[in-house]
Protein chains: 2
Amino acid sequence: MIAAQSSLPADALTYEKAGVNYDQVDPIKLLAQRSAKATVANLAQHGLSEIAASRGESAYVLDIGHAYLASIVECLGTKVLVADAVYRATGKSFYGAIAQDTIAMAVNDLITVGATPLVVQAYWAGGSSDWFADTARATDLINGWKAACDVCGVSWGGGETPALAGVVAEGTIDLAASCVGLVQPKSRLSLGDKLAPGNAIVLLASSGIHANGVSLARKLSERLPQGYNTPVGADGTGQAFGEAILAPTVLYSPVTEALAEAGVAVNYCVNVTGHGWRKLLRHTSEMTYRIHTIPTVPPVLSFMQREAKLDNTEAYGTLNMGAGFALFVEAKDAERTAEIARGCGIAAWVAGSVEAGPKQAIIEPIGVTYSADDLKLR
Amino acid sequence: MIAAQSSLPADALTYEKAGVNYDQVDPIKLLAQRSAKATVANLAQHGLSEIAASRGESAYVLDIGHAYLASIVECLGTKVLVADAVYRATGKSFYGAIAQDTIAMAVNDLITVGATPLVVQAYWAGGSSDWFADTARATDLINGWKAACDVCGVSWGGGETPALAGVVAEGTIDLAASCVGLVQPKSRLSLGDKLAPGNAIVLLASSGIHANGVSLARKLSERLPQGYNTPVGADGTGQAFGEAILAPTVLYSPVTEALAEAGVAVNYCVNVTGHGWRKLLRHTSEMTYRIHTIPTVPPVLSFMQREAKLDNTEAYGTLNMGAGFALFVEAKDAERTAEIARGCGIAAWVAGSVEAGPKQAIIEPIGVTYSADDLKLR
């Protein structure tokens, strides 16, 4: 449960109750991070150096002279289990949609450092060779993957399609993607050294749950009499919950590329994934992020907040609540940034600003404040 | 079963009988490859181009101007299940060893194109948060991963450690690695355009099964009265089968880097993984590969051949049989290449040569010939 001002009913379904225990994972994550950091010494033999500030950020950055090289590996996570359940129940394949999600997980992280994504590699580990024997499903996955590559302007370089009986659960597939890109010119590097009071915060619309908060959604579906079939509208109409969850994650690289082309400098980016709006506190510096405008909440997220009985502190601290990506730009560029995003077909809001002050995110319209204690990623 | 001259006893345990059906996976693999290839059009907007010959090779190569950029994602596969079984039975952790295997799967493929590996990203997807709660095991994994990065001279950039209950089998972990490197100077590109009759074939020693043929080994262990506890020596002594399987894969990048430093040009490389020595036929061109010298077979592989009742055609066509990597160099450089490898602590043999002729690999010491029909990777 998030510290802040949250006081939830006893039957509220929080992320912790949904079986995601960040505390248990984190100490080993920290050990891995320290060990990883120590390997930087290996770069000297190649005459290369890393950008140390990229460690702990969403993508790792190497200085290769004429450009920076950014790389990442990301996975879809458990969203595939929702696609599996809906496929079993309705015969509708959303594997093309979750292919886009998987690429979004990698690309939306890679672009936060200012990189142009260039190559994606596919990692599709089936629970058995049989996974690929359902050619309709496999074809949907492939087509969705290719379409997402086309949207992001990346070359799909190849990948792995192992059959891992005993490692991956029978009947499902573990989807992940690696992505490589270049920060070029080097001035596009957006690791936040230019992030400063006075900067504007522009939020880009999400399409729904994206690929975070899925464990909560799955747990919630078990509570619902109609499960994934439950309509998400407050009036009992609307899209079925399962299908609403499977709206594919928005790909934000067209926006960051369009901004670069228009000469708009981006000081920092946040991909709003796990930890929801607490991610606004991601940068290490001590600053206050004041939000005066919040996006319309997608119906599937309103439904989840309502049905899981989450107050705003918990909902905005866990889910993206309509904001999938945050851009931190000079105040003079704020409106233009939002317009360029809209030109890419993505709703955008000049939502707030960066101020001098303690590390906190003040979400004025809902009266919620997250402090540094609410986000411990490093 | 491999076509060639194989005639096996009825109770022989072939790769096909071990449940690995390449035929079932391949048509979708081909569809994925065609779709992937179509995305090359996306590179034009960045003023970049791919090296088309790298598609279907072991790593994907992009021309970024001053250098080539190579990238890859690879997984450990089911070898983790052997580590799990041995850990349960003996309490001995081989997770550091399989960490090295995972990096080897990526790095040994990446270097085949002539790239210097620079960055590795970790993908460790546990069946639950609990996987990481066993800190001794997790620490061994981390330490092995770091040590392998140090051997390969790469920076461990970061990665993902998701807990994927329901996707990854409870109690185990799906391990994969992505790797990025540069081919610099560009003349190091070793995609085989200079591969020609008269070239020498230098084989580098394997440490055992590496991470291919593991399904066969697992199936075999079920046949053995003592299972993984069975000594691998012909006289009933020697290392236990399970632990022998878990000898970590040799990391070959120190050899390719040392060759570059010594000015020895490599025309082509083959990472001997799945398909065993049939991989010698990997390059698309029509040539004959004649082998006159074969390495000593590691005890674990002799044991597997004996116990699974494989003839040489099946054994060399499935397992590495002591040769983990093949370098194709100018004849004048052959001895020096082997010496440089030995200087890196890796046994090496000037094992044969490339000849004009039909596409076949003639393994003279064992009287086995593989033809183009025996290897269909593309």
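The values are calculated or read from the model by the stated rules, or taken from the named source; none is laboratory data. Bear in mind the structure is a predicted one, so any value in this text is a computation, not a measurement. Here the Cβ is made from the backbone with ideal geometry for all residues, glycine too, and neighbour counts use every protein chain on show.
Considering each of B:164, B:118, B:191 in turn, give the residue that is at the interface with chain A (Cβ under 8 Å from one of its Cβ atoms) and closer than 30 Å to residue B:259 by Cα. Let's see the steps before the verdict.
On the way: B:164 fails: closer than 30 Å to residue B:259 by Cα; B:191 fails: at the interface with chain A (Cβ under 8 Å from one of its Cβ atoms).
Answer to the check: B:118.
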Could you please find all residues in segment B:314-342 being among the aliphatic types (A, V, I, L, M) and part of a helix (DSSP H, G or I)? B:315, B:331, B:334, B:338, B:340, B:341
For residue B:220, only one of the following conditions fails: (1) in a strand (DSSP E or B); (2) over 21 Å from residue B:348 (Cα atoms). What is its number? (1)
Helices (runs of 4 or more DSSP H) contained in segment B:15-127 and holding at least 2 residues modelled with pLDDT under 95 and touching a strand residue (DSSP E or B) at 6+ places or on another chain (Cβ under 8 Å): B:22-38
Hits in segment A:277-309 - residues which are under 23 Å from residue A:235 (Cβ atoms) and not hydrophobic (A, V, I, L, M, F, W, C): A:295, A:296, A:298, A:299, A:302, A:305, A:306, A:307, A:309
Which of the residues spanning segment A:46-84 are facing chain B (nearest Cβ under 7 Å), touching a residue at least 24 places away in the same chain (Cβ under 8 Å) and in contact with a Phe, Trp or Tyr (Cβ under 8 Å, 6 or more places away or on another chain)? A:71, A:72, A:73, A:75
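Can you go through A:156, A:145 and tell me which one is in a strand (DSSP E or B) and more than 30 Å from residue B:83 (Cβ to Cβ)? Give the derivation first.
Details: A:145 fails: in a strand (DSSP E or B).
Result of the check over A:156, A:145: A:156.
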Checking residue A:258 against (1) crowded, with 24+ Cβ neighbours inside 10 Å; (2) hydrophobic (A, V, I, L, M, F, W, C); (3) under 27 Å from residue A:147 (Cβ atoms): exactly one of these is not met. Which one? (1)
I'd like the residue in segment B:143-164 that is surrounded by fewer than 24 Cβ atoms within 10 Å (Cβ to Cβ) and of a type in the set (Val, Ile, Thr) and, out of all such residues, is nearest to residue B:111 (Cα to Cα). B:151
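Filter segment B:275-305 for residues that are of a type in the set (Lys, Arg) and out of contact with any Asp or Glu (no Cβ under 7 Å at 6 or more places or on another chain) and give the result. Don't jump to the end; show me each part of the working.
Initially, segment B:275-305 is screened for residues of a type in the set (Lys, Arg), giving B:278-279, B:282, B:290.
Of everything in segment B:275-305, those that are of a type in the set (Lys, Arg) and out of contact with any Asp or Glu (no Cβ under 7 Å at 6 or more places or on another chain) turn out to be B:279, B:282.
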Counting only residues in segment B:128-142 that are touching a Ser or Thr at 6+ places or on another chain (Cβ under 8 Å) and at the interface with chain A (Cβ under 7 Å from one of its Cβ atoms), the one modelled with the lowest pLDDT is identified as B:132
Can we say residue B:242 is surrounded by fewer than 24 Cβ atoms within 10 Å (Cβ to Cβ) and either away from chain A (no Cβ under 14 Å) or in contact with a strand residue (DSSP E or B) (Cβ under 9 Å, 6 or more places away or on another chain) (or both)? no
Identify the single condition in (1) under 16 Å from the mean Cα position of the chain (by Cα); (2) more than 10 Å from chain B (Cβ to nearest Cβ) that residue A:88 does not satisfy, given that it satisfies every other one. (1)
Answer yes or no: is there a residue in segment B:296-313 that is without any contact (Cβ under 8 Å) to a residue 40 or more places away in the chain and assigned to a helix (DSSP H, G or I). yes
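Considering only residues that are of a type in the set (Gly, Ala, Ser) and part of a loop (DSSP other than H, G, I, E, B), which ones fall in segment B:256-290?
Start the filter on segment B:256-290 by keeping residues that are of a type in the set (Gly, Ala, Ser), which leaves B:258, B:260, B:262-263, B:265, B:274, B:276, B:285.
Passing the criteria: B:262, B:263, B:265, B:274, B:285.
When you check residue A:175 against the structure, is it modelled with pLDDT of 95 or more, closer than 24 Å to residue B:54 by Cβ and either surrounded by fewer than 20 Cβ atoms within 10 Å (Cβ to Cβ) or at the interface with chain B (Cβ under 7 Å from one of its Cβ atoms) (or both), yes or no? Steps first, answer last, please.
Values: modelled with pLDDT of 95 or more: yes; closer than 24 Å to residue B:54 by Cβ: yes; either surrounded by fewer than 20 Cβ atoms within 10 Å (Cβ to Cβ) or at the interface with chain B (Cβ under 7 Å from one of its Cβ atoms) (or both): no.
It is false that residue A:175 is modelled with pLDDT of 95 or more, closer than 24 Å to residue B:54 by Cβ and either surrounded by fewer than 20 Cβ atoms within 10 Å (Cβ to Cβ) or at the interface with chain B (Cβ under 7 Å from one of its Cβ atoms) (or both).
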Only one of (1) hydrophobic (A, V, I, L, M, F, W, C); (2) within 23 Å of residue A:64 (Cβ to Cβ); (3) at the interface with chain B (Cβ under 10 Å from one of its Cβ atoms) is not met by residue A:151, so which one is it? (2)
How many residues are part of a loop (DSSP other than H, G, I, E, B), buried (at least 23 other Cβ atoms within 10 Å of the Cβ) and in contact with a strand residue (DSSP E or B) (Cβ under 6 Å, 6 or more places away or on another chain) if we restrict to segment A:193-209? 2
Subset of segment B:261-308 (residues that are in contact with a Leu (Cβ under 7 Å, 6 or more places away or on another chain) and either acidic (Asp, Glu) or surrounded by fewer than 17 Cβ atoms within 10 Å (Cβ to Cβ) (or both)): B:285, B:307
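When residues of segment B:343-378 are filtered for being outside any loop (DSSP other than H, G, I, E, B), closer than 18 Å to residue B:328 by Cβ and under 22 Å from the mean Cα position of the chain (by Cα), how many remain? Steps first, please.
The initial filter retains those residues of segment B:343-378 that are outside any loop (DSSP other than H, G, I, E, B), namely B:343, B:348-355, B:360-366, B:368-374.
Keeping just the survivors that are closer than 18 Å to residue B:328 by Cβ gives B:348-355, B:360-364, B:370, B:372.
This time we only want the ones that are under 22 Å from the mean Cα position of the chain (by Cα), so: B:348-354, B:360-363, B:370, B:372.
Final tally of qualifying residues: 13.
In this structure, is residue A:90 more than 23 Å from residue B:42 (Cα to Cα), surrounded by fewer than 24 Cβ atoms within 10 Å (Cβ to Cβ) and either in contact with a Gly (Cβ under 9 Å, 6 or more places away or on another chain) or charged (D, E, K, R) (or both)? Walk me through how you get there before you give the answer.
On the way: more than 23 Å from residue B:42 (Cα to Cα): yes; surrounded by fewer than 24 Cβ atoms within 10 Å (Cβ to Cβ): yes; either in contact with a Gly (Cβ under 9 Å, 6 or more places away or on another chain) or charged (D, E, K, R) (or both): yes.
Against the criterion (more than 23 Å from residue B:42 (Cα to Cα), surrounded by fewer than 24 Cβ atoms within 10 Å (Cβ to Cβ) and either in contact with a Gly (Cβ under 9 Å, 6 or more places away or on another chain) or charged (D, E, K, R) (or both)), residue A:90 qualifies.
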